[in-house]
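Asks: What follows is a single structure, and I will ask about it in a moment.
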Amino acid sequence: KYDLKDITSVLDEPGPYQNVFMQEMEVMNTLLAEMVRSLKELMQGFAGELTMSDGMEKLMDSLYMEKVPETWTKRAWPSLRTLSS
């Protein structure tokens, strides 16, 4: 996770490029939070702490097929690349 306050504090003068950069960091933080949440949930399912839901199975299948999971795609930029590339 990127510390936006720390990044903002070192920016000299916020201009249009810095604003776009900060917006991209917010998008990246949202994506990273979803990735961490869903992977923790999947690990709990593997450990038997949670019942495997349809979403968890879709995540597992996507990772097995080296595809970007749908829940991650909703929060990320469009890409045709697989996870392994």
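The values are calculated or read from the model by the stated rules, or taken from the named source; none is laboratory data. Please read all numbers here as calculations on a predicted model, not as lab measurements. As a convention, Cβ positions derive from the backbone with ideal geometry for all residues, glycine included, and neighbour counts pool all protein chains shown. Heads up: the accessible areas ignore ligands, DNA and RNA and are worked out on the full protein's heavy atoms, side chains in. Shrake-Rupley method; radii C 1.70, N 1.55, O 1.52, S 1.80 Å.
Asks: Within the accessible area of the chain, what % is carbon and sulfur when the probe is 1.4 Å and the other protein chains stay in place?
Replies: Carbon and sulfur atoms account for 57 percent of the accessible area of the chain.
Asks: Same structure, new question: Mind checking Rg over Rh on the chain, alpha carbons, Kirkwood formula for Rh?
Replies: 1.10
Asks: Taking 0.36 nm per intervening residue step and subtracting the Cα-Cα distance, what contour gain separates residue 67 from residue 40 on full extension?
Replies: 7.9 nm
Asks: Treat each spin label as a single point 7 Å out from the Cα along the C-beta direction, and report the residue 52 to residue 27 distance in nm.
Replies: It is 3.4 nm.
Asks: Full-extension gain between residue 12 and residue 76, please, as 0.36 nm times their residue separation minus the C-alpha to C-alpha distance.
Replies: Length gained, residue 12 through residue 76: 20.2 nm.
Asks: For a paramagnetic label modelled at 7 Å from the Cα of residue 1 toward its Cβ, which residues of region 48-85 fall within the zone defined by backbone nitrogen distances under 19 Å?
Replies: 72, 75-76
Asks: Keeping every protein chain present and rolling a 1.4 Å probe, give me the accessible area per residue for the chain in Å².
Replies: On a per-residue basis, the chain sits at 80 Å².
Asks: Same structure again: Would you mind calculating the relative contact order of region 1-82 from Cα pairs under 8 angstrom and at least 6 residues apart, reporting the percent as a whole number?
Replies: Normalised by residue count, the contact order of region 1-82 is 27 percent.
Asks: Right, something else. Quick check on the chain: helices-only [θ] at 222 nm, where DSSP H runs of length 4 and up contribute -39,500 (n - 2.57) each and the sum goes over total residues. Nearest 500, please.
Replies: -20500 deg cm²/dmol
Asks: For the chain, what number of Lys pairs, 8 or more residues apart or on separate chains, have alpha-carbon atoms under 18 Å from each other?
Replies: For the chain, qualifying lysine pairs total 4.
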